[in-house]
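Student: Please read through the structure below; I'll follow up with questions.
The values are calculated or read from the model by the stated rules, or taken from the named source; none is laboratory data. In this text the structure is predicted, and so the values were computed from the model without any measurement. Neighbour counts are summed over all protein chains in view; Cβ atoms, including those assigned to glycine, are modelled from backbone coordinates with ideal geometry.
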Amino acid sequence: MQMELNNLSKINLLGLSDLPDDNSPVFQNAKKFIEMQQLYNAAIKEISTKLEILNEEFQVKYDYNPIHHIESRLKSAKSILGKLDKKNLPLSFESIQDNILDIAGIRVICNYIDDIYKIEDFLARQDDVKIIRIRDYIKEPKENGYRSLHIILQIPIYLSNRTELMPVEIQIRTIAMDFWASLEHHLKYKSKNDVPQYLKERLTNCSDVITKLDEEMQLIHKEVNK
Ligand code: 0O2
């Protein structure tokens, strides 16, 4: 099983029609993987639609948008298997379902810090959404200066013959936090995770500056809208 799942990362999985009519385990696994991706993709659509509706409601009622923009992505087979491998977990479908909760990923970029928590409240109030885990890296930033609110939730996906509860990871952050995370990610990638100490320190300083900027912008925004 392990070898066969490993092979998944080499296949460019697009749709079932891309696969040959072959009963070998590798193609059976590829088929199962594509079906799994469809479910995660459906979960991304469900949550994205809820967020878009919220944003439109705010526009109509208050002439204001809490969401600047939304990005989403499906984690690739290569990245899923890499994460399992890094955590020394079994390379199986069961293990993917049990351990990888960010296959469906949505990033919500907001203008102000308060908007982040408005979106968290909104998601928590949805009848069909179950919050599984919250990590607040805004109240407690990571040591390197990373700030963002991470929510893992579960949403039902209604299929022709069954309902599946699918996990989605939502990262909610301000434009400034996103700017910081992009540069830090790029730097880690460029330096193959071996970021020189002086650059790490400069980035941590930037995070402090950005925190002050976010807080000041929030106060000005409140003042303007009193
Ligand atoms: P990718 O390619 O971004 O998806 P988990 O195994 O997911 O339960 P983990 O990874 O500790 O536990 O979860 P956490 O802390 O919620 O972080 C998950 C994601 O947040 C990461 O995904 C990144 O996208 C982002 N993230 C976390 N820390 C940092 C950071 O210091 N800098 C930046 N730029 N992003 C961060 P992945 O899985 O690493 O990959």
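Condition check ((1) among the charged types (D, E, K, R); (2) in a helix (DSSP H, G or I)) across all residues:
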site: Asp194; (1), (2): yes, no
site: Tyr198; (1), (2): no, yes
site: Arg202; (1), (2): yes, yes
site: Glu216; (1), (2): yes, yes
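Student: What is the residue count in segment 143-180 for residues that are of a type in the set (Gly, Ala, Ser) and within 13 Å of the chain's Cα centre (by Cα)?
Tutor: The number of residues fulfilling the criteria is 1.
Student: Still on this structure, please answer the following. Name the residue that is farthest from Asn29 (Cα to Cα), counting only residues in segment 72-89 that are surrounded by fewer than 14 Cβ atoms within 10 Å (Cβ to Cβ) and away from the ligand (no atom under 11 Å from the Cβ).
Tutor: This residue is Asn88.
Student: Any residue in segment 175-187 that's farther than 12 Å from Ile210 by Cβ: show its pairings with residues that are within 8 Å of the ligand (Cβ to nearest atom) at Cβ separation under 7 Å, as long as the two are six or more apart or on different chains.
Tutor: none
Student: Which of the residues spanning segment 106-135 are crowded, with 16+ Cβ neighbours inside 10 Å and within 14 Å of the ligand (Cβ to nearest atom)?
Tutor: Ile106, Arg107, Val108, Ile109
Student: Could you please let me know if Ser92 is among the small types (Gly, Ala, Ser) and more than 9 Å from the ligand (Cβ to nearest atom)?
Tutor: Yes; evaluated as a whole, the condition is true for this residue.
Student: Search segment 48-71 for residues being more than 22 Å from the chain's Cα centre (by Cα) and hydrophobic (A, V, I, L, M, F, W, C), and hand back the single one that is surrounded by the fewest Cβ atoms within 10 Å (Cβ to Cβ).
Tutor: Top of the filtered list is Val60.
Student: (1) within 13 Å of the ligand (Cβ to nearest atom); (2) at pLDDT 95 or above: which one isn't true of Asn193, the others all being true?
Tutor: (2)
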